[in-house]
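Readers should treat all values here as calculations from the given coordinates under stated rules, not as data from a laboratory. Note that the structure is a prediction, hence the values are computed from the model and not measured. Positions of Cβ are backbone-derived with ideal geometry, glycine not excepted, and every protein chain shown enters the neighbour counts.
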Amino acid sequence: MTAKFAPGLIRRIFEHYAEGLGHGGEPTHKGKEPDRNLDGMQSGYGNTKGNIGNERNDTYWEAMRDVLSECHKILKPGGVTILVLKAYIKGGRKVHLPQQTLKLLIHLEFTPLERIKAMLVKETVTPGLFGEIKKVTERKSFFRRLHEKKRPDLKIDFEEIIICRK
């Protein structure tokens, strides 16, 4: 399904994402891990009352429903929300989080516009003296790579960018 956006919007979003930029345009993976010890806080979520990162009563889906419902309330008619999601492994099985989240978005009356696969693996092939030289670059954590060596059937090679309109 194709949507009408301002010229180049999808390209700009994807380029921003592909550069590894996080919130506020700061690099998320260039050279070092972010400092997790935030002035004595117990977690990176903060201690604000009502912060869902600290809540233990809701399930993930209840919390996501609440967050996405609030997004729907504050978006102007025709406003767009963009989510970046990927599958995960639980109990030895791949859980297709993007598909499940899309169902929730539709239930909350968002209209899907685009689903874009952002590859976590890049393969380049160049000619060599004794045949082709293949180079594979993966943007995955150490633990994900380790798990995929043990269980190659559970590879996660892409994230999905889901774009929906109110």
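Values for this structure:
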| item | result |
| --- | --- |
| Scope region 71-95; condition exposed (fewer than 14 other Cβ atoms within 10 Å of the Cβ) and outside any strand (DSSP E or B); matching residues | 73, 74, 76, 77, 78, 79, 91, 92 |
| Whichever residue in region 114-135 is among the basic types (Lys, Arg) and more than 15 Å from residue 155 (Cα to Cα) and, among such residues, is surrounded by the most Cβ atoms within 10 Å (Cβ to Cβ) | 115 |
| Test: residue in region 104-113 that is loosely packed, with under 14 Cβ neighbours inside 10 Å and part of a helix (DSSP H, G or I) | yes |
| Pair list, Cβ under 8 Å, 6 or more apart: region 89-104 residue closer than 18 Å to residue 117 by Cα, other residue of a type in the set (Ser, Thr, Tyr) | 94/88; 95/88; 97/88 |
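Condition check ((1) assigned to a strand (DSSP E or B); (2) in contact (Cβ under 8 Å) with a residue 40 or more places away in the chain; (3) at negative phi) across all residues:
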position	(1), (2), (3)
116	yes, yes, yes
122	yes, no, yes
137	yes, no, yes
140	no, no, yes
146	no, no, yes
149	no, no, yes
156	no, yes, yes
159	yes, yes, yes
164	yes, yes, yes
